[in-house]
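Derivation of every value follows stated rules applied to the coordinates shown; laboratory data play no part. Only a predicted model underlies this, so the values are computations on that prediction, with no experimental measurement involved. Positions of Cβ are backbone-derived with ideal geometry, glycine not excepted, and every protein chain shown enters the neighbour counts.
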């Protein structure tokens, strides 16, 4: 998991992407500080939901969710974020659990339950 310092560094790195998503094209140091706070809260929230590490790469699902989180935060509608993105948040959680399961299982050849000996 990311620590507070790593989250702060990542938030600074993502500020340009968030400003672009929010169509902010003018210098706004005070607004940037607020958006960095929003990015940090969004990263923490998504890390909590996923239950593991996330990359927040530019075209990733978690980045799309973070941008949406920041949009909702900016307009004061965070109470609707989880409900409106419930499916995407669940997908994020499940994909993280699958990655963790595969990492734990290692190189063992595993079959899905109920599929043994069946032709697909």
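Points worth noting:
- With a Förster radius of 35 Å applied to the beta-carbon distance between residue 103 and residue 83, the computed FRET efficiency rounds to 0.65.
- Reducing the stretch 23-61 and the stretch 67-90 to their Cα centroids gives an inter-centroid distance of 12 Å.
- Relative contact order (percent, whole number), the stretch 1-74, Cα cutoff 8 Å, 6+ residue spacing: 37
- Overall size of the chain from C-alpha positions, given as principal axis extents largest first: 62, 29, 21 Å.
- Angle between the chain longest axis and helix 29-50 axis [Cα atoms, degrees, rounded to 10]: 20
- Counting 0.36 nm for each residue step from residue 5 to residue 94 and taking away their Cα separation leaves a gain of 29.4 nm.
- Packing order of peptides 22-31, 56-65, highest average first: 56-65, 22-31 (average count of other Cβ atoms within 10 Å over each peptide's residues).
- Relative contact order of the stretch 40-112: 34 percent, from C-alpha pairs under 8 Å at least 6 residues apart in sequence.
- Choice from 101, 69, 85 showing the highest fluctuation, given a GNM over the chain with Cα pairs closer than 10 Å: 101
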